[in-house]
Structures are given as C-alpha cells and as structure tokens.
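Report on the following structure.
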Amino acid sequence: MKPRTREAPAAAGPARIDWYDVPRLYDIVFDVGTRAEADFLEACARRYGRSRGQRALEPACGSGRLVAELVRRGWTVRGFDRNAHMLAYARQRLARAGLVATVVRGDLADFRVPRRVDLAHCLVSTFKYLLDEQSARSHLECTAEALLPGGIYVLGLHLTTYRRTTDERERWVETRGGVTVTSDMRVGRPDRRTRLEPVVTRITEDAGGVRRHYESTWDFRTYSAAELRTLIAAVPALELVALHDFDHDLAQRSTWTDGRLDKIVVLRRR
Ligand SMILES: C[S@@+](CC[C@H](N)C(=O)[O-])C[C@H]1O[C@@H](n2cnc3c(N)ncnc32)[C@H](O)[C@@H]1O
C-alpha cells in the first residue's frame, strides 16, 4: 500500500509529502547502514551462494543506495521500484557517481528480469508492503524465477508478536549536508485476522534554521515466525538455508525461537 501522508500541524509549517516521494529525506536516514549491509550481502553470496557470479537484483530499490554500493564493488545491478521519485533519485545518484546500473519501474508482486541473477535482496521490511498472501507468494515466485540455480535471496523483515498490546517505536536521527532528519516510526497493534498492522512515521526535517514536520501512514502485512515459514514452504523453488538478524554479522546465526524479531532469511534457488 502506498503511504498516505497527512498534513502536519499548522504550527509546524505544514507540508504535504509522502515518505517515498521525498527520497533525499529517506536517504539521509537509511544511507548510514549501506556499507555494513553491502558487506553482509557479499558475505552471504560467498557463504551461501552456489552460482558464483556477480549479478544482483534489488526489488524495491528505493533511493538506490545499495544499487550504487554494489556497483562500486564490481556487481552488475538491476533495481526496480514503483515510486517515480525514488527512481529519479537513484538514477541521478548513479549518474553523479559515474556508475552504471539498470533502474526501472516495477512492482514487487509481479516482475521479470531479462537475465537471471546470483543475488537478490530486499531488506528493511519492504516485503511487508505486500498486503496479502497471494502477492507475497507471487513475489517469492518471481524472485525464484529471477535467480540462477544456486543464487540466493536475502530477505529482511521485522516479525510480529500478536500478543503485543502496546505500539512498537523506532527512532532514527541522522544529519547530512546541514540537514537533520528525525524519523519516528510507530507500529500499532497487529490484527491477527486481517494480518495488518498500522504504521505511522513522523518525519522532522531541520535545515538552515527551518523545521518541517511530515507524517506518513500505511499498513504492513504481519508475519509471525510460523506464518513466514509457511509462506516460504509454499514456494518449493526456494530453500531456506540460513537465518540471521539485523546485526549483519554472518558469525551470528539466528533461530526462529531466539525471541528476536528482526530476521534476515537467506533463501536459495534449488
Ligand atoms: C523502505 S524503502 C526500501 C528501499 C531500498 N530497498 C533500501 O533498502 O533502501 C521501500 C521501498 O519500497 C518501494 N515499494 C513499496 N511497495 C512496492 C511495490 N509493491 N512495488 C515496488 N516498489 C515498492 C517504495 O517505493 C520504497 O522505495
């Protein structure tokens, strides 16, 4: 579901945006982890991949931070996203850095690639934008089809505990080029029946003494560990080969029962 953006309170200098319609703000917050994530992706490819090439696919590539980083490291990269602002930003970033990659419009639930890849990845819970079982399964099937035999899919998402009675909150504050962005994300109570949880992200931009507030809301699909395992099992072309957490440390294996909710599953094309 596309984030819906509400106008900020009048005192804050209202501005209507959508989190993903303003890629520079998104990028300031998320670019900080890019190198560590790229290190982890490369380590996963070496450890779990069997196809050994350096061709990568990033479904929902957003601002292109990981596209650019993997190209810098010698990968041939294709990324796609449904948001035109994100795509424009990604292309501009690549052009400015003199890097070459293919960045196109596409949908997570239904895509094809012209050449199969060794590595596909989709981190930071983006997979949860697919709001029903059919589209989530279709995404995994399209990804399997995009992978060479032995190629891997590194998928990161935050799991849900349905017994949770309070909101979950995550806050990031990052500064770049004189702009400070604060992102305050609140995830409301999950609904076990609809498999949805409401997300509200409040974004504050401080630049040149001016402060702006934005608010973006959307729904995520929920996954308990069991629900995620059931979905993976429904796509026989992919086998689950490893489970990690968001520490991006290959030496640290995770388990389904370790109580940690941030999971990275590594799936391999049979
Ligand atoms: C959290 S950002 C992740 C961007 C990038 N992968 C990264 O790690 O920085 C989520 C992205 O998913 C895109 N997106 C959400 N739903 C999508 C869909 N159904 N198809 C394609 N892109 C989608 C948004 O436009 C946004 O750019």
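Flag not set for V200, criterion: under 29 Å from F80 (Cβ atoms) and touching a His at 6+ places or on another chain (Cβ under 6 Å).
Among the residues of region 114-132, those that are farther than 30 Å from T160 by Cβ and either near the ligand (Cβ under 9 Å from one of its atoms) or surrounded by 16 or more Cβ atoms within 10 Å (Cβ to Cβ) (or both) comprise R116, D118.
The set of residues in region 13-63 that are in contact (Cβ under 8 Å) with a residue 60 or more places away in the chain and polar (S, T, N, Q) comprises S51, Q54. Condition check: without any contact (Cβ under 8 Å) to a residue 60 or more places away in the chain and in contact with a strand residue (DSSP E or B) (Cβ under 7 Å, 6 or more places away or on another chain). Does R171 satisfy that? Answer is yes for this residue.
The set of residues from region 78-89 being within 12 Å of the ligand (Cβ to nearest atom) and within 16 Å of the chain's Cα centre (by Cα) comprises G79, F80, D81, R82, N83, M86, L87. Beta carbons closer than 7 Å, at least 6 apart along the sequence or on distinct chains, pair a first residue in region 139-167 that is within 25 Å of D39 (Cβ to Cβ) with a second that is of a type in the set (V, I, T) and at pLDDT below 95 for G156/V124. Residues in region 194-228 that are within 20 Å of S125 (Cα to Cα) and surrounded by fewer than 15 Cβ atoms within 10 Å (Cβ to Cβ): T194, A226.
Conditions tested, residue by residue: (1) surrounded by 18 or more Cβ atoms within 10 Å (Cβ to Cβ); (2) among the hydroxyl-bearing types (S, T, Y); (3) within 15 Å of the ligand (Cβ to nearest atom); (4) more than 29 Å from E239 (Cα to Cα).
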| site | (1), (2), (3), (4) |
| --- | --- |
| R52 | no, no, no, no |
| E58 | yes, no, yes, no |
| G74 | no, no, no, no |
| R91 | no, no, yes, yes |
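Would you check if G64 is at positive phi, surrounded by fewer than 17 Cβ atoms within 10 Å (Cβ to Cβ) and not charged (D, E, K, R)? In short, no. Against the conditions (1) modelled with pLDDT under 95; (2) exposed (fewer than 15 other Cβ atoms within 10 Å of the Cβ), T175 satisfies every one except (1).
Of the residues making up region 86-140, those that are over 23 Å from E197 (Cα atoms), of a type in the set (A, V, I, L, M) and part of a loop (DSSP other than H, G, I, E, B) are L99, V100, A101, V113. Among the residues of region 153-165, those that are modelled with pLDDT of 95 or more and out of contact with any Ser or Thr (no Cβ under 8 Å at 6 or more places or on another chain) comprise V154, L155. Summed over region 33-50, the residues that are among the charged types (D, E, K, R), touching a Lys or Arg at 6+ places or on another chain (Cβ under 9 Å) and surrounded by 15 or more Cβ atoms within 10 Å (Cβ to Cβ) give a count of 2.
If you filter region 98-110 down to residues that are within 14 Å of the ligand (Cβ to nearest atom) and surrounded by fewer than 18 Cβ atoms within 10 Å (Cβ to Cβ), you find that the one that is nearest to the chain's Cα centre (by Cα) is D107.
The values are calculated or read from the model by the stated rules, or taken from the named source; none is laboratory data. Everything numeric in this text was worked out from a predicted model, so none of it was measured. Positions of Cβ are generated from backbone atoms using ideal geometry, with glycine treated the same way; all protein chains shown enter the neighbour counts.
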